Structure formats: C-alpha cells, structure tokens
Amino acid sequence: MTRQDVENSDPMRKAQELMRPALPKRFYKDVSVEAREEGHVVLLDGRTVKTPGKLTLALPLAELAEAVAEEWRAQVEVIDPGVMHMTRIVNSGIEAVPAKHQEVADVVAAYAGTDLLCYRADGPERLVERQAEIWGPVHAWAEKTLGTRLVLAQGVMPVEQPAETLAAIREAVRRFTSLELAALHTVTTLTGSVLLALALAAGEIDAERTWAAAHVDEDWNAELWGQDAEAMRLRETKQAEFEAAAKVLALLSA
C-alpha cells in the first residue's frame, strides 16, 4: 500500500476534509487598478474589491494596489484567502486596525518584554557567537534609535526590561499608520521580535536577513539533527505571510 493509499483511507483525514469549507469559485476575468478620490482601488471586472466589512479596499499607493491585484490575478479556479496574505494584511489595516490602533500597537510593543533578540543561548559557543553576530547589530541599532537600553538574558529565565525601554518601544510603534501597523503586527508575531520588525520597517535590515535572524536557533538545531519535513512546510507557509508583510512595509516606507 502506498502512502497515498494510506492517506486516502485515513478516516480522520476524510473527516477533516469534509469539515473544510468549500472555496468560492473565481467569478471574474479581469483584475485592474484605478486611481480614485479615495485612493488606488482594485477592480474585478470593473467592480471594486471590498474588505470583509464591506469597506472599499482603497490604498495610498498604486504599487501597493498592484501587489494586491496580483494576488487576485493568481487565483485560478477558486479564490483561496489562505494564500492571499497581502490582501488580508491591507484588509486589516483598512478595517480592523483604525478602530483599535492603540490597542494593536500595544500588543505589538508588548513583545519587547520577551523579545527573541534579548534571550541568548549560554552554549554551545558557536551558537552564542552566531546569535551575537546576527542579533547584535539589530540590538545595538534598537538601543541607539530608542535612546535606551535593553537587558540581555542567557537561557530561558525571564528578565524585566526597563520601564523607559518599554515606553520608548510603545511610542515608536504607535507612530505607525494603520496599514503599516497591520504589517508590523504580522512581522512581529511571526518572528517573535518587535526589534526585528522595527529594524525591517526602518530599512536597517532587509526581509531575507530578518527572516534568517528569526530562525537562528531553529537553523542551528536543523544543522545538528536534520530538518523535520512538517516543520519546514509550516515555516514555508509562515514565510510567505512574512514576505507579504515585509513588502507592504517596504512599499509604504519607500
């Protein structure tokens, strides 16, 4: 019996597939972008794309609208929201974030309390050196930019960051626009580091290096013990979402 036969006969898999909602069929032929008074809108056969809450998906930049339009063009037989990461991010930036801007900003800033870059390994030496090499410059940039210090810890025991540091990060995050904040939230949650997210948004570090920095420990373990196929599939899915958020930040800051 092949692996495919086993999967086809798995009652749990069949039940999960039956519970999965059917994706809507692609109902449009043409996707375009048009400049209007409210911004650059994406059109499906001449009709404006709406957010889930029925707001017009209008963006401040033609380049960003074109990037969203490309996701709609990429849908073939069905429309799969699960792979339309940029559309989801801008939908949030238009609809969800504006009403709760400070709340979302504070959620993002709260990552500073347990930021990935502040928790260093106590061994082996090569891993310690790798973390210092990759994370050190971002950490130094953050301290210089914020005008405050960040406490480093070895191991997993929690450390408390200075109140002025947390306040400075919170203030920095609150200055982002709603669209930027939606993308910043995605980057922060996927990397576990608001410091990496802020450095990426500022152009201090590019998307490729940001993603690599967020996986120093994971890559180290993979070098020692080999890669887990399921973990790699999950990482690739998250990376696609991360890259969409990074592109939103890059376009808005250009």
Of all residues in the range 85-119, which are surrounded by fewer than 18 Cβ atoms within 10 Å (Cβ to Cβ), touching a residue at least 12 places away in the same chain (Cβ under 8 Å) and either over 22 Å from residue 163 (Cα atoms) or within 15 Å of the chain's Cα centre (by Cα) (or both)?
96, 98, 107
Taking the condition open to solvent by 20 Å² or more (accessible area, probe 1.4 Å), modelled with pLDDT of 95 or more and among the β-branched types (Val, Ile, Thr), does residue 186 pass?
no
Can you tell me which residue is nearest to residue 24 (Cα to Cα) among those in the range 49-77 that are surrounded by 17 or more Cβ atoms within 10 Å (Cβ to Cβ) and touching a residue at least 60 places away in the same chain (Cβ under 8 Å)?
67
Taking residue 45 and the conditions (1) surrounded by fewer than 18 Cβ atoms within 10 Å (Cβ to Cβ); (2) within 30 Å of residue 155 (Cβ to Cβ), which numbered condition does it fall short on, given that it satisfies the others?
(2)
Failed condition for residue 224, given (1) free of Cβ contacts under 8 Å to residues at least 40 places away in the same chain; (2) open to solvent by 70 Å² or more (accessible area, probe 1.4 Å); (3) within 27 Å of residue 68 (Cβ to Cβ), with all others met?
(3)
Looking only at helices (runs of 4 or more DSSP H) that lie completely in the range 146-211, which have at least 2 residues being in contact with a Gly (Cβ under 8 Å, 6 or more places away or on another chain)?
163-174, 178-191
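For (1) out of contact with any His (no Cβ under 7 Å at 6 or more places or on another chain); (2) closer than 15 Å to residue 117 by Cβ, each residue gets a yes or a no:
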residue	(1), (2)
146	yes, yes
159	yes, yes
162	yes, no
172	yes, no
177	yes, no
181	no, no
185	yes, no
188	yes, yes
191	yes, yes
Applying the selection to the range 152-179, what residues are at pLDDT below 95, open to solvent by less than 70 Å² (accessible area, probe 1.4 Å) and out of contact with any Leu (no Cβ under 9 Å at 6 or more places or on another chain)?
153, 155
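The values are calculated or read from the model by the stated rules, or taken from the named source; none is laboratory data. Please read these numbers as outputs of a predicted model, since none were measured by experiment. Neighbour counts are summed over all protein chains in view; Cβ atoms, including those assigned to glycine, are modelled from backbone coordinates with ideal geometry. Note: areas computed on protein heavy atoms with side chains; ligands, DNA, RNA excluded. Shrake-Rupley method; radii C 1.70, N 1.55, O 1.52, S 1.80 Å.
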